[in-house]
Every structure is written in C-alpha cells, then in structure tokens.
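Undergrad: Below you will find the structure I want to go over with you.
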Amino acid sequence: MKRPIGIFDSGIGGLTVLKEILNAMPGEDTIYLGDTARVPYGTKSAETVTRYSFENAKFLLKFDIKLLVVACNTASAYCLPQLKEELSIPVIGVIEPGAKKAVEVTKAKRIGIIGTEGTIRSGAYFDAIKTIDQSIAVFTQPCPLFVPLAEEGWTNNQIARMTAHAYLNDIKKQWIDALILGCTHYPLLKSIISDVMGNTVTLIDSGHETAAEVAKCLMEKNLLKTISSGESFHRFFVTDSPERFRQVGSRFMGTRLNNVELVNLED
Ligand code: DGL
C-alpha cells in the first residue's frame, strides 16, 4: 500500500518516535509535521493543544495518509480520544503503548511517570495504567527542563546530571521499578536518567512501544507497504525555521534531514 504514515509533534521531539517507526518498518513512507512555530505544547492549556492538534491532523490528511501517529505526549494526553473519534483513519498516540509496557514490566507494582507539565496534569498515563491494573501505585514528576537540555545537546554533562538529580530524587525514593519516559525528548537523556535511577529501574520509551503498536495495527489492517511499491520517501514540514529543524533534528534522528519545508497551516 503506497500511502504514507502521517506523524505530528509540537516540534522536533517527535523525531525520536519517527526514528523508532523507521527502525521497525524501514520501508514505509512518512510525512512528519513539526509545529515549531507554536512549540511548546507542554505548558499550554488542553483547549489550545487540542485546537493545534486538529489543525495538524487536517494538514496531514491532505497527503492521503493511511494512519496518523500523534508523537507528542502532551497532544496524545489531551486529545487522542477526540482525534480518534473524528478521523476516519487509524490514530495512534504514545500514552497507551507506554503505559501497557510499564504494566508488563513492573514486578513491584510501582510505576513512575515523567513528562511535561501538561502530560502530568492531564493524568492520561495515570488513567491508562489504572485502567489496566487498579492495584498499581503510580508516581509522577514533570521535568520541563529536560526539553531545552535535549535540544541544546546537553544530554550528558554536569548541568544535565544536576537537573536529573533535582527532578528525580523524590520519585527515586518511591521504590518504583519502571519509569515511563513520557515526553518525546527524554529518550535523548536516557543514559543520565538511568544513572540517576539505578539499574533496578527499567526505563520505558513510549516512542519505541508506539512504533511496535503502529506496526501491529498496519499489519492487522493489511496496510503495510508492499516491497513492490518502490523506494521509500520521507517529507518533513515545519511551521517555523526549517534550518533549525534540520540542524537539531539531524541530531535527534541520527541522520541528515533533507526535504524540510516551511508550511502555513492557515493556508
Ligand atoms: N513534544 C512534547 C511532548 O512530548 C514536548 C515538547 C513540548 O512541550 O511541546 O509532550
């Protein structure tokens, strides 16, 4: 099937999810939209994030996408059910796959969640975990400074380490054995987060789990791209500064990004 997968995020961070999707399904065609003019979503209200998310989805639908991935945790937390209801294609967010994996992994039945202020405030991960297993204890901590640290490339220096300690010290005392990285940027800080939390805590990368969910959904619906459909393409759209996206995004993806185009969602 020669229709692309559509992915949107508030900006650059969703590239960590795209990377996982391409690792799982290297041949798929993708269209990525980063709403870089309006980032961050993590500090905005549910109403605003929902409005932006619908505008993003509407843009991607113009490309006849076969499935929509909401890579942004904050957007998934605030409006995944509405998007699922309104759109006629499958829509997959990052919350449920991450929550499901954490429930599978925890033996202590104690799970930690870190994310943006909005994601934590929404209670979406908390609800997703409790829906699966009511008896699991859940502890949360917003870590907003991890986002600029990841974009700055400060993922393994003294400042990142001190920030991680300051955010994670309390949650560490709760004897959790699984910690959900509930934000697109946090996989870049995995090594420092893991150092601080210690080796008894499994880190759950929501993007990685989401990619597995996307593959499963495409397979079930017989929507996977067939080998005979030719070479794959990857297009990137941003609502501000393609140059910055290219620069920072190449670090997030681990490959050089071409095909970054500026778009005005109001057109
Ligand atoms: N993409 C956002 C998320 O995963 C992080 C950046 C933002 O606040 O917009 O929640």
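Undergrad: Considering the stretch 131-147 alone, what residues qualify as being crowded, with 16+ Cβ neighbours inside 10 Å and either more than 16 Å from Ser45 (Cβ to Cβ) or of a type in the set (D, E, K, R) (or both)? Break it down into steps so the answer makes sense when it comes.
TA: Narrowing the stretch 131-147 to residues crowded, with 16+ Cβ neighbours inside 10 Å: 136, 138-144, 146-147.
Of everything in the stretch 131-147, those that are crowded, with 16+ Cβ neighbours inside 10 Å and either more than 16 Å from Ser45 (Cβ to Cβ) or of a type in the set (D, E, K, R) (or both) turn out to be Ile136, Val138, Phe139, Thr140, Gln141, Cys143, Phe146, Val147.
Undergrad: Which count do you get for residues in the stretch 134-155 that are touching a residue at least 12 places away in the same chain (Cβ under 8 Å) and over 21 Å from the mean Cα position of the chain (by Cα)? Let's see the steps before the verdict.
TA: Initial filter on the stretch 134-155 (touching a residue at least 12 places away in the same chain (Cβ under 8 Å)): 135-147, 149-151, 153, 155.
Checking which are over 21 Å from the mean Cα position of the chain (by Cα) leaves us with 135-137.
Total meeting the criteria: 3.
Undergrad: In this structure, is Glu209 farther than 15 Å from Leu257 by Cβ and surrounded by 15 or more Cβ atoms within 10 Å (Cβ to Cβ)?
TA: Values: farther than 15 Å from Leu257 by Cβ: yes; surrounded by 15 or more Cβ atoms within 10 Å (Cβ to Cβ): yes.
So Glu209 passes the test.
Undergrad: Any idea which residue in the stretch 83-111 is surrounded by the fewest Cβ atoms within 10 Å (Cβ to Cβ), counting only those that are basic (Lys, Arg) and assigned to a helix (DSSP H, G or I)?
TA: Here is the first cut: in the stretch 83-111, the residues basic (Lys, Arg) are 84, 100-101, 107, 109-110.
In the following step, the residues that additionally are assigned to a helix (DSSP H, G or I) were identified as 84, 100-101.
Details: Lys84: 15, Lys100: 17, Lys101: 21.
Result: Lys84.
Undergrad: Return the residues of the stretch 1-37 that are at pLDDT below 95 and under 19 Å from Arg256 (Cα atoms); say none if nothing qualifies.
TA: Scanning the stretch 1-37 gives Pro26, Gly27.
Undergrad: Here are Pro148, Pro90, Pro144: which of them is modelled with pLDDT of 95 or more and in contact with a strand residue (DSSP E or B) (Cβ under 8 Å, 6 or more places away or on another chain)?
TA: On the way: Pro148 fails: in contact with a strand residue (DSSP E or B) (Cβ under 8 Å, 6 or more places away or on another chain); Pro144 fails: in contact with a strand residue (DSSP E or B) (Cβ under 8 Å, 6 or more places away or on another chain).
Going through Pro148, Pro90, Pro144 in turn, the sole match is Pro90.
Undergrad: Tally the residues that are away from the ligand (no atom under 13 Å from the Cβ) and surrounded by 18 or more Cβ atoms within 10 Å (Cβ to Cβ), restricting the search to the stretch 25-45.
TA: Looking only at the stretch 25-45, we keep the residues that are away from the ligand (no atom under 13 Å from the Cβ), and these are 25-31.
Okay, now just the ones that are also surrounded by 18 or more Cβ atoms within 10 Å (Cβ to Cβ), so 25, 28-31.
Of the residues in that region, 5 qualify.
Undergrad: When the residues of the stretch 50-74 are filtered to those that are surrounded by 24 or more Cβ atoms within 10 Å (Cβ to Cβ) and of a type in the set (Val, Ile, Thr), which remaining residue is nearest to the ligand (Cβ to nearest atom)?
TA: Thr74
Undergrad: Here's a follow-up. Could you please tell me which pairs satisfy a Cβ distance under 8 Å, a separation of 6+ or placement on different chains, a first residue in the stretch 64-85 that is more than 14 Å from Ala124 (Cα to Cα), and a second residue that is away from the ligand (no atom under 15 Å from the Cβ) and of a type in the set (Phe, Trp, Tyr)?
TA: Pairs that qualify, where the first residue is more than 14 Å from Ala124 (Cα to Cα) and the partner is away from the ligand (no atom under 15 Å from the Cβ) and of a type in the set (Phe, Trp, Tyr), are Leu83/Phe54.
The values are calculated or read from the model by the stated rules, or taken from the named source; none is laboratory data. What you see is a predicted model; the values in this text were computed from it and never measured. Glycine also receives a Cβ, built like all others from the backbone with ideal geometry; neighbour counts cover every protein chain displayed.
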